[in-house]
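The values are calculated or read from the model by the stated rules, or taken from the named source; none is laboratory data. Just so you know, these numbers come straight off a predicted model, no measurement behind them. When we count neighbours, we look across all protein chains shown, and the Cβ atoms used for this are built from the backbone with ideal geometry, even at glycine. All accessible areas refer to the heavy atoms of the entire protein, side chains included, with ligands and DNA or RNA removed. Shrake-Rupley method; radii C 1.70, N 1.55, O 1.52, S 1.80 Å.
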Amino acid sequence: MKKTLTALTLSLGLVLSFSSYAKNNVVVVATGGTIAGAGASSTNSATYTAAKVPVDDLLNAVPQIKDLANVRGVQALQVASESITDKELLSLARQVNDLVKKPDVNGVVITHGTDTLEETAFFLNLVVHTDKPIVLVGSMRPSTALSADGPLNLYSAVALAADDSAKGKGTFILMNDSIFAARDVSKTINLHTNAFVSQWGALGTLIEGKSYWFRQSVKRFNNRSEFNIENIKGDALPLVQIVYGSGNMLPDAYTAYAKAGAKAIIHAGTGNGSVAKNIVPTLNQLQQQGVQIIRSSRVPQGFVLRNAEQPDDKYGWVVAHDLNPQKAKLLAALALTKTKDAKEIQRMFWEY
């Protein structure tokens, strides 16, 4: 009996020991961008060609990630992120959705250009139903530059995707040691490595491969979302366009977008999403013709108050709350796949 108990204890110890060292499986999905860029020399940190380095070379350049997880790479795209269209965005979402449904995949990292990193992250946050970590990562300097930030960013992104504590917290952007929620982070600097900021703060930070958490999002995302990439057909979303607010505006941009087939127009207004008085009649006319009018703001922080500046209830307009124009554009496009009712669209902007 004593020998049997000893054998069981040893067996249990071996199992526990093995499980404590077993690594999660992470897939790195490469799309291009600066993190895969190359300059003519090591001093080129702002002048370079994006989307040059394939995924296997990215992974081989950071061999330390093998200590964090079992990692394999997939080359989904090879583009500079400003050239991503609905076709690429939907294709990427479908590929990620297929990956997270596999029981042997514990997390996904997406390497991406920083110019539209926030849009892709927010879109995946809305349409991929999973509690597995989806981490988007990029770099502000190409891989060939002195003090390139891509290798450490990639290392940290893999660490986050492999971390069980990241499950169920949404889709992330990992940049410069900070863990950001996809919905409220934006690129605010175009040259420095501390380019990404959220007015509500980071969710946490990742140091030397370990995650430290300080807050979490209360908005709907991933498994809690009413949008699902599996229900979106084709390679295009309803057309939504942005008009940037400024002094001395003309209505022509709004009417031109409507003629081009826009189903919604994001007004990136001054201040609290303000609309110049000479533009109001045009927006009301378009709204009556079935084009959704959504007031956002060109101001990077704060949020647009409903029925302040303009009587949104009276006009049937929508306010974007704290979503910036580019994220409002994506949520509006997804909303239009479900409804044309302004009140219902407004509900979505409150909840997401």
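Compared with the rule-of-thumb size 2.2 N^0.38 Å for a compact globular protein, region 159-219 has a Cα radius of gyration ratio of 1.07.
The stretch between T255 and S83, if pulled fully straight at 0.36 nm per residue, gains 59.4 nm over its current Cα-Cα span. For region 84-128, the carbon plus sulfur part of the accessible surface works out to 46%, probe radius 1.4 Å. Pairwise alpha-carbon distances in region 58-163 exceed 17 Å for 53% of all pairs. To put it simply, the accessible area of region 150-278 at a 1.4 Å probe is 53 percent carbon and sulfur. Between N228 and A22, full extension at 0.36 nm per residue minus the direct alpha carbon distance yields a gain of 71.0 nm.
When M249, M348 are compared by accessible area of protein heavy atoms, the largest-first order is M249, M348, using a 1.4 Å probe. Note that region 260-303 presents 43 Å² accessible area per residue, ligands and nucleic acids not counted, probe 1.4 Å. Just to confirm my numbers, what's the Cα centroid distance between region 210-242 and region 28-93 in Å? Cα centroid of region 210-242 versus Cα centroid of region 28-93: 22 Å apart.
Go through A145, V158, V185 and say which Cα lies farthest out towards the positive end of the charge dipole of region 113-220; charges sit on Cβ, +1 for Lys and Arg, -1 for Asp and Glu. Value: V185. Here is the list for region 187-289: chymotrypsin sites (Phe, Trp or Tyr not before Pro) lying in DSSP coil, each with at most 11 other C-beta atoms within 10 angstrom of its C-beta, are F214. Here r is the Cβ-Cβ distance between F303 and E351 and R0 is 22 Å; the resulting FRET efficiency, rounded to 0.05, is 0.95.
Using a cut-off of 21 Å between Cα atoms, the listed pairs K66/K210; K167/K343; K87/K219; K101/K233 include K167/K343; K87/K219 as exceeding that distance. Kirkwood radius for the chain, taken over all pairs of different Cα atoms as the inverse mean of 1/r, rounds to 21.5 Å.
Against the chain, whose longest principal axis is taken from its Cα atoms, helix 150-161 shows a tilt of about 80°. The K101 and Q75 beta-carbon pair, evaluated with R₀ = 22 Å, returns a calculated FRET efficiency of approximately 0.65.
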